[in-house]
Amino acid sequence: MLKSIANSEYPLLWIIFHIALGVISAISPIPLIVWFYSIAVISFFGVIKSSDSPSYLILYTVYLISFELLARMAGTSPYIPYELGKYLLFLLMVFGIIMFESKSWIGFLLLICLIPGLMIDLSGKVEWLDIVFNVVGPINVALVVWFFYKKKISVSVFSKVFLLATLPLISVLSYTFYRLPDFDDIDFELGANSVTSAGFGSNQVSTALGLGAFLVFVIWLNKWKLTGYRWLDAIIFLVFTVQGLLTFSRGGMFGTVVGVVVVLFFLARSSQNEIKRFKLPKVGKFVVPTIVFVVTAFYIANEITDGLLLLRYQGETAGTLAGSKEIDLNTYTTGRVDIFLGDLELWYDNLLFGVGAGASRYLRDTMVEVAAHIELSRLLAEHGVLGLINFLLLMYVGLNNFSFHKNPMIKGILLACFAVGIYTSFHAAMRTFISPLMIGISLLSVYQIKKRRDKVSAAKDLKVKEASPSL
């Protein structure tokens, strides 16, 4: 079934299906539960059969865990667990490591660095859910490094990774639209807006919509298949961006900017020889349209909010406008600087092993009882020096992988995925599937299938019909 989605000659039909799935999920969770398990069970047999290539397992993983936020919003728990991304990614990565006998000393070391923190609790308040919330995310990062690192896939399969990650996010987009009241009935304020986030956490929704915008941009830039019509792909990018802006949660939308800028930077640095060799799009043809799309999206959203959106992105709050507060980095980041500094104080007092996994929220002098929002400071506070080593190893492997690729476009996309994954962990920690997924994608080894290559050999990469690569 997953092959039918990935290789459909009528991709617009699957876009319409996922739009409908999002709308129906806002009415009842049952259709989503049925669809999720139908795909999971039926397509798993395809995973078992494709033991000669990891491509199908990668696509399977990307598609299923991307349903995490929609499942949360639709209230499918316990049938589809609230922490779907964490549990499922863990199981699939362990399965993949065993199935393909993956070896990674860096992935192994990342795991080892987390073990001491699991055995420490200086707060005496940590419960099982605290462990799941705080540690399973970093464990999954270690596992995706272990499994994804240097796994070879073709450009064609790489494009399908982006397609299958985007489709569930389109369902999230249609869900929010269905739940959106008339704009005249929305009371916009200078803070995150749960109404425009379909009544759910605005940070998570903004992050998912921002990711959707970035993924669609990459698909549009490379002329990969999404709807089959480039003008319609551009509209979807615009809609993702507008709706993400209307959540008034800035973190996710800044993630879009990070990803887009990194990709365009590498494209702009391409030599004429590289442009001809890899058939790269000319950056001049895309920079201006991209800027126009983003400015248009911001203008539309700002008009809808009567100018409050611009004030929000300028860092204004009700307090700053009233004169009782001043705009500084802490107010702009909605208290994240206080969380970061509080975590650093805990690390200073417990340098070697930290205060224990999940304990920082109970021991912090600032923002007490507030969940971790910055993964780096949480690693330092809860795992000490080992947390620092964990982060440095992750940075090494992520910044090392993209440099092996000769194609500037692939380089830019891989680094952009890594940057989006790391950036997301700096405003939403590891509370969603996005950071582990994007880091995993960034560690792939993407190759171009040469025209002279035997078609039978090429089909081995996924055991499905390969589409003509555009790079």
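For the reader, a short list of remarks on this structure follows.
- Taken as a whole, the condition of being touching a Gly at 6+ places or on another chain (Cβ under 6 Å), crowded, with 16+ Cβ neighbours inside 10 Å and touching a residue at least 24 places away in the same chain (Cβ under 8 Å) does not apply to Tyr63.
- Selected residue (only one of Phe158, Phe177 is out of contact with any His (no Cβ under 7 Å at 6 or more places or on another chain), outside any loop (DSSP other than H, G, I, E, B) and open to solvent by 30 Å² or more (accessible area, probe 1.4 Å)): Phe177
- Count of residues meeting criterion [assigned to a helix (DSSP H, G or I), touching a residue at least 12 places away in the same chain (Cβ under 8 Å) and charged (D, E, K, R)] in the stretch 256-280: 1
- Pairs where the first residue, in the stretch 281-308, is buried (at least 18 other Cβ atoms within 10 Å of the Cβ) and the second is of a type in the set (Gly, Ala, Ser) and assigned to a helix (DSSP H, G or I), C-beta under 9 Å, 6+ apart: Val283/Ala268; Phe293/Ala234; Ala297/Ala213; Ala297/Gly244; Ala301/Gly244
- Hits in the stretch 427-436 - residues which are at pLDDT 90 or above and over 12 Å from Ala208 (Cα atoms): Pro436
- Looking across the stretch 328-340, just one residue is surrounded by fewer than 16 Cβ atoms within 10 Å (Cβ to Cβ) and of a type in the set (A, V, I, L, M, F, W, C), and that is Leu329.
- Condition check for Ser102: modelled with pLDDT under 95, assigned to a helix (DSSP H, G or I) and in contact with a helix residue (DSSP H, G or I) (Cβ under 7 Å, 6 or more places away or on another chain): no
- The test for being in a loop (DSSP other than H, G, I, E, B) and of a type in the set (D, E, K, R) does not hold for Asp130.
- Single unsatisfied condition, Ala6 versus (1) under 27 Å from Asn140 (Cα atoms); (2) buried (at least 20 other Cβ atoms within 10 Å of the Cβ); (3) more than 21 Å from the chain's Cα centre (by Cα); (4) among the small types (Gly, Ala, Ser): (3)
- The condition of being within 17 Å of Asp130 (Cα to Cα), small (Gly, Ala, Ser) and surrounded by fewer than 24 Cβ atoms within 10 Å (Cβ to Cβ) holds for only one of Ala371, Ala359, Ala428, that being Ala371.
- For the stretch 180-199, the set of residues classified as of a type outside the set (Asp, Glu) and not in a loop (DSSP other than H, G, I, E, B) consists of Phe183 only.
- Scope the stretch 21-33; condition aliphatic (A, V, I, L, M) and within 13 Å of Phe67 (Cα to Cα); matching residues: Leu21, Leu32, Ile33
- Residues (more than 26 Å from the chain's Cα centre (by Cα), closer than 29 Å to Ser202 by Cα and of a type in the set (Ser, Thr, Tyr)) located in the stretch 340-382: Tyr362, Thr366
- Residue list for the stretch 383-428, filter: more than 19 Å from the chain's Cα centre (by Cα) and among the polar types (S, T, N, Q): Asn390, Asn400, Ser403, Asn407
The values are calculated or read from the model by the stated rules, or taken from the named source; none is laboratory data. These figures come from a predicted structure and were not determined experimentally. We place every Cβ from the backbone using ideal geometry, glycine too, and count neighbours over all the protein chains shown. Only protein heavy atoms, including side chains, enter the accessible area calculation; ligands, DNA and RNA are left aside. Shrake-Rupley method; radii C 1.70, N 1.55, O 1.52, S 1.80 Å.
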